[in-house]
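Heads up: the structure comes next, in structure tokens.
Nothing in this text is a laboratory measurement; each read-out follows from the coordinates by a stated rule. The structure displayed is predicted, hence computed values, not measured ones. Quick reminder, even Gly has a Cβ in these numbers, built from the backbone with ideal geometry, and neighbours come from all protein chains shown.
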Amino acid sequence: MAKKQAAPLIGPHRHMRAPVEHAMDRKAACLRLMQYFREERWRIALLTLIVAVSVAAGVSAPVFMSWAIDAITAADYDRVPGILLWMLGACALYAVLLFFQGRLSARLSQSIIRHLRKDLFEKINGLPLAYLDRHPHGDLMSRMTNDADNIATVISTSLGTLFAGILFLLGTTAVMLSFSVPMTALTYLTAVATVLATKYIAAKMGRYFRERQDLLGQLNSMVEEQVTAVRTVKAYAREAQVAAKFVQTADSLTKTGIRAESIGSSMGPIMNTISNFSFVIVSVFGA
């Protein structure tokens, strides 16, 4: 019995598949990306300053609240209005700086991606025709659009959040230790559960997001090639095979995207659950 083979693609790139690619030298790849950050040194310095001041304002607000509670407990009501004004000022400063942090992060990401796409476009223009003929055009287009957009998203959302999270962790730890060392140790026991849950979810989520990008590149390549070679497809009566291949890839992309987004969306609720559990433990033992 003859082995059943998949129908070949129609077009000049029918022998190619879009594999999942990883950087051969991740350190070198990161260093090459960091070169684009050097051109935006003043924005990065300003963003660092804004994040540091906003974290200081956010951490100081609970301290002012504790002072106000102590003043009320000691029946020293004359101090309460002044402390509340300081707390209100800290919260207002934190909100304003958070707004400017978002705008500056967006401008930083767009500026870096503009330079990245410019260099990428010039690189593609300098490639030999043999390279362009060996690689699917849709995959190259996906690198210009989807991959660059992913980098822009990381810069605009995750970069400032990561730096702010590290500073918040250090500042909160210092404030908690100044209040109570045993309660701080008890609180950080739940941080271990947070780290383990985050590591597990990130591993699952990363797998599906990588698969989604691979399928997206295949789908873009298929659309570009089959639309370009539509006359060849019709001439060989391959409409049904091409449509079936497209539907199969699109369905796989949909299922993988749903799984990736579902796991990614579960990160927040799981972290909130662990945070609430930590709050209950601190409340019980603190009382």
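Observations on the structure shown:
- Summary of the geometry: region 60-102 and region 205-253, compared by the centres of their Cα atoms, lie 58 Å apart.
- With a Cα cut-off of under 21 Å and a minimum spacing of 8 residues unless on different chains, the lysine pairs in the chain number 5.
- Taking the charge dipole of the chain about its Cα centre, with +1 at Lys and Arg Cβ atoms and -1 at Asp and Glu Cβ atoms, the residue from F209, V284, T194 reaching farthest to the positive side is F209.
- Set of region 94-132 residues, backbone N closer than 19 Å to the point 7 Å along the Cα-Cβ line of T157: 98-114
- Helical runs (DSSP H, four residues minimum) scored at -39500 (n - 2.57) apiece and divided by the length of the chain put the mean residue ellipticity at 222 nm at -28500 deg cm²/dmol.
- Using a simple spin-label model with pseudo-atoms 7 Å out from Cα toward Cβ, R32 and M271 lie 3.1 nm apart.
- Cα gyration tensor, region 168-287 - rounded (a/c under 1.5), prolate or oblate: prolate
- Projecting the Cα atoms of T256, I155, V227 onto the dipole axis of the chain, where Lys and Arg carry +1 and Asp and Glu carry -1 at the beta carbon, places V227 farthest toward the positive end.
- Angle in degrees between helix 80-125 and the longest Cα principal axis of the chain, rounded to the nearest 10: 20 degrees
- Relative to its Kirkwood radius, the Cα radius of gyration of the chain gives an Rg/Rh of 1.12.
- At most 16 other Cβ within 10 Å, DSSP loop - chymotrypsin sites (Phe, Trp or Tyr not before Pro), region 197-259: Y236
- On Cα atoms only, tilt of 41-73 relative to the major axis of the chain in degrees: 40 degrees
- Charges were assigned to the Cβ only: +1 to each Lys and Arg, -1 to each Asp and Glu. The resulting dipole of region 205-287 about its Cα centre is roughly 160 debye.
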